[in-house]
Amino acid sequence: MREEHVSVWDGLRDGWSAGAARAARLAVAQARLLRRRPRGFDAFIVGYPGHLDLPVARRAAREQPLVFNPLVSLADTLVGDRRRFRPGSIAARGLEAIDRRAFRSADLVVADTEAQAHFFADLAGLAVVEVCFVGAEDRLFRPAWQPPQQFTALFVGKLIPLQGVNTILAAARLAQDIPFRIVGSGQLASLLSSPPPNVEHVPWVEYDRLPAELHRAGCALGIFGTTGKARRVIPNKTFQALACGTPLVTADTPAARELLADGDSALLVPPGDAEALAGAVRNLAADAALAQRIAARGRATYERHASEAVLGPRWRGIIERLA
């Protein structure tokens, strides 16, 4: 595996966003990539957020297979989930066109869940979409969790509708005897302008400090949003928590059920249900044996289905079948 990377979004906390300045940065980066004219590869893989990179990638790939691992649909993210644009608007139709063009430009699209694969196939009229979980960096996210003296429910992520931050805050109000730590910033940051007294908000933590956050937490919180996208994805932080052996509480969705079993590898609660979330957190805080069992079985699930030792050969098989 060789990476050809030209920075576009690095160093920007708001990450992938629109605007003339971002477009100029993207165009410059794509031109630099083309000038490198990479050679000696068997397949060219474009990852997230590469929807606008596919035309340049096709030229860079020449006659070799082009694989797209998008993680998301732009229309689904910005219209259905974040509600930046109205459904049916010019912007929404434009994003749908970008999605379809990107997916159809690739020789193969790889999704991160079966639920997402079906969505991509329907969106772009694709006959085949392969699936490979996201996973986590094994060198960084290692199993070192132990039941803490002070139980804290930890949330890490962008403050966007997908995450269900409103549900987490409502759960914190119902479980005021348990500290909640929310790490992140974004679209819904205003919800934390007057948080409950048991909620600590930290806007930013460096990436290499996330394992330490997970190791000392009582449990990790996944996503609890009620959008269509929330039902189809398993975010990075789910795999990171499992890799660290931290007990996980997340929404019971079709995507989550592809990996997790309620009461075994995680505690699953109905999306948007603050009362159920508060109850699950309370159960873990009150029952150390339950927390340790969920932690151990979550880690075992990660090792069987989402570790680098599993996902590496999975990716290799996908590429070899295509090539």
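What follows is calculated from the coordinates using simple rules that are stated; it is not laboratory data. Bear in mind that the values here come from a model prediction, so they are computed numbers and not experimental data. Cβ coordinates were reconstructed from backbone atoms using ideal geometry, including for glycine residues, and neighbour counts include every protein chain displayed.
Quick notes
- Taking every full run of DSSP H in the chain, none both stretches at least 20 Å from end to end by Cα along its long axis and averages 1.6 or higher on the Kyte-Doolittle scale.
- Approximating the spin labels as points 7 Å out from Cα along Cα→Cβ, the Arg142-to-Ala300 distance works out to 2.3 nm.
- GluC sites (Glu not before Pro) restricted to DSSP loop in segment 127-228 with at most 12 other C-beta within 10 Å: Glu206
- Computed label-point distance, nm, for sites Asp42 and Ala121 using a 7 Å Cα→Cβ extension: 2.6 nm
- Proxy reagent accessibility, fewest Cβ within 10 Å first, across Val165, Val310: Val310, Val165
- Radius, Kirkwood style, for segment 153-305 when every pair of distinct Cα atoms is counted (Å): 15.0 Å
- Annotation: the residues Val110, Val202, sorted from fewest to most other C-beta atoms within 10 Å of their own C-beta, follow the order Val202, Val110.
- Fewest-first sequence of Cys244, Cys132 by Cβ atoms within 10 Å of each Cβ: Cys132, Cys244
- Put a dot 7 Å past the Cα of Ala289, heading toward its Cβ, do the same for Leu322, and the two dots end up 4.9 nm apart.
- Selected from Phe155, Pro65, Val134, residue furthest toward positive end of dipole (the chain; charges at beta carbon): Pro65
- Cleavage-rule hits, trypsin sites (Lys or Arg not before Pro), segment 124-224, DSSP coil, Cβ neighbours within 10 Å at most 12: Arg139
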